[in-house]
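None of the figures in this text is laboratory data; all of them are computed from the coordinates on show. Everything numeric here is computed off the predicted structure, so don't read it as measured data. Neighbour counts run over all protein chains shown; Cβ positions are idealised from the backbone, glycine included.
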Amino acid sequence: MSDPSVADKILDVEKIRKDFPILSQTVRGKPLIYLDNAATTHKPASVIERVRKFDAEEYGTVRRGAYKLSENATQLYEEARQKVADFMGAEKKGEIVFTSGTTQAINLVAHSFGKRFVREGDEIIISNIEHHANTVPWQVLCEERGAKLKVIPVSDDGELVMEEYEKLLSSKTRIVAVNHVSNALGTINPVKEITAKAHAAGAKVLIDGAQSSAHMKVDVQDIDCDFYTFSGHKMYAPSGIGGVYGKMEVWEELPPYVTGGDMILEVTLEKATYAKPPARFEAGTPPITQVIGLGAAIDYLNEIGMDKISDYENTLLEYGTQLFKGIEGVRIIGNARHKASIISFSINGEHPSDGHPHDVVSWLDRDGIACRGGHHCAQPTMIRYGVPATTRASMAFYNKTEELDALAESIRNGFPCGFVAL
Ligand code: PMP
């Protein structure tokens, strides 16, 4: 078992936990143990307070008003865009387009890029371990355009089979869309290599960064991808905000997705001309308060430091992996060499109903433990590993090794009973 004190040397987790008001509550008389961070993360007090202050004292519409409140709100909104650009290593602030999150971001790219560049007979490549948000929009696009969807296979350990990926690439490939981190398995994909190979074949690349943005240092220029998506609610920011980085020269070639106010240069009754990116892709009044909250969340992450965050979460991953491997009947699904702090597992008992993830998570909830049981919006991944669902513990830097001990203990206690749901 790895030494839990290693984690303490990286971060003062007790101090960090005090920043998150929600974590101090009890659930069914037990301290809340929140291990569903891949679904959504909690907010530090600094984000909650920034949002309150903005709404109470500074709120105004952006990009429209010529009065003080609006001018100030516009400045804060654009400052938040700059913070996102710096956080992700973008060259220009205008390369960041705000959306409601990764789902809308991928739909935007699939729609706009597809309309401009994808024709009958073309090919799009995804992988076998994508979230439905990075699967269904490409399926729809292929159906509409008569294009073909190709899929990078995955090894038994949960790693993309790169030799097969190379075979799929050809002059017909228009775009490769893969996640940086799989939400179902935790695999960290070699996105820089994937991008270089796609570019060599003349294809563009979208990286779904929903699970990576708040867990490791991301540098979009180093990866060299054409698009990189993120979701604020998985980055300690409010829900309803996220976005997509895109290279400016790629954005400039794309038509809008949603149309209406604020994305135009000029409108007559006959036609409209469009604004430059990012405004071209941000029609309508944006989620102003949420953008300000996202900026505050990035300030908070920067203060702790992304390198420290990923080092700390790695120790949790190592600790939890060894712990769960030691529980009889537990099978970890996803054993890639490079993983983020996500542990997916199934529990096989003698009775076929033993350890169904829905029963397991109901059992864990009795002990105040919030884990996710289900297909994690990655049904093709579940099919690949021959399970209908898994139980998933996903860690953040406010989790501690003792919480993983409590999870292991609760599993051990539940296992002999077949996790009867209450
Ligand atoms: N991609 C991945 C890898 C995800 O984990 C998620 C959220 N679970 C999404 C896409 C969709 O993100 P959102 O719901 O924030 O749009």
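Results, tabulated for the structure shown:
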| read-out | value |
| --- | --- |
| Segment Glu71-Lys93, extension gain: residue separation times 0.36 nm, minus the distance between their alpha carbons | 6.1 nm |
| Asp157-Asn413 pseudo-label distance in nm [points 7 Å out on the Cα-to-Cβ vector] | 3.6 nm |
| Charge tally in the Cβ shell below 13 Å around Glu159, where Lys, Arg are +1 and Asp, Glu are -1, Glu159 excluded | -2 |
| Linear extension gain, Asp307 paired with Asp405, 0.36 nm per residue minus alpha-carbon span | 32.8 nm |
| More than 33 Å apart - percent of Cα-Cα pairs taken over the chain | 36 percent |
| Too-long pairs where the Cα-Cα distance tops 20 Å, listed order kept, from Lys325/Lys400; Lys92/Lys217; Lys43/Lys93; Lys93/Lys276 | Lys43/Lys93 |
| Net charge, Asp299 excluded, C-beta distance under 9 Å - Lys, Arg +1, Asp, Glu -1 | +1 |
| Contour excess over end-to-end distance, with Cα ends at Gln139 and Glu120 and 0.36 nm allotted per residue | 5.5 nm |
| Ellipticity estimate at 222 nm from DSSP helix runs (n ≥ 4, -39,500 (n - 2.57)) divided over the chain, nearest 500 | -11500 deg cm²/dmol |
| Principal-axis tilt of helix 68-88 within the chain, Cα atoms, nearest 10 degrees | 60 degrees |
| Distant-in-sequence amide H partners of Met263 (H built 1.01 Å from N, under 5 Å) | Gly284 |
| Partner lysines for Lys115 [C-alpha distance under 17 Å; skip if fewer than 8 residues away on the same chain] | Lys148, Lys172, Lys204 |
| The chain - share of DSSP beta bridges that are antiparallel (%, nearest 5) | 60 percent |
| Sparse-neighbour loop sites [trypsin sites (Lys or Arg not before Pro); segment 260-350; at most 16 other C-beta within 10 Å; DSSP] | Lys271, Arg337 |
| Residues Ser170, Ser341, Ser362 arranged by fewest to most Cβ contacts within 10 Å | Ser170, Ser362, Ser341 |
| Proxy reagent accessibility, fewest Cβ within 10 Å first, across Val62, Val220 | Val62, Val220 |
| Summed residue charge, Cβ within 14 Å of Glu95's Cβ, Lys/Arg positive, Asp/Glu negative | -3 |
| Cα→Cβ-extended label distance, 7 Å offset, between Thr285 and Ala370, nm | 3.0 nm |
| Excluding exposed DSSP-loop GluC sites (Glu not before Pro) (at most 10 other C-beta within 10 Å), longest clean stretch of the chain | 121-269 |
| Ranked Ser182, Ser46, Ser346, Ser394, criterion: other C-beta atoms within 10 Å, fewest first | Ser46, Ser346, Ser394, Ser182 |
| The chain: most fluctuating residue of Lys150, Lys276, Lys68 per GNM, C-alpha cutoff 10 Å | Lys68 |
| Acute angle (nearest 10 degrees) that the helix 401-414 long axis makes with the longest principal axis of the chain, alpha-carbon atoms | 60 degrees |
| Helix axis angle, 102-117 relative to the chain longest principal axis, alpha carbon, degrees | 40 degrees |
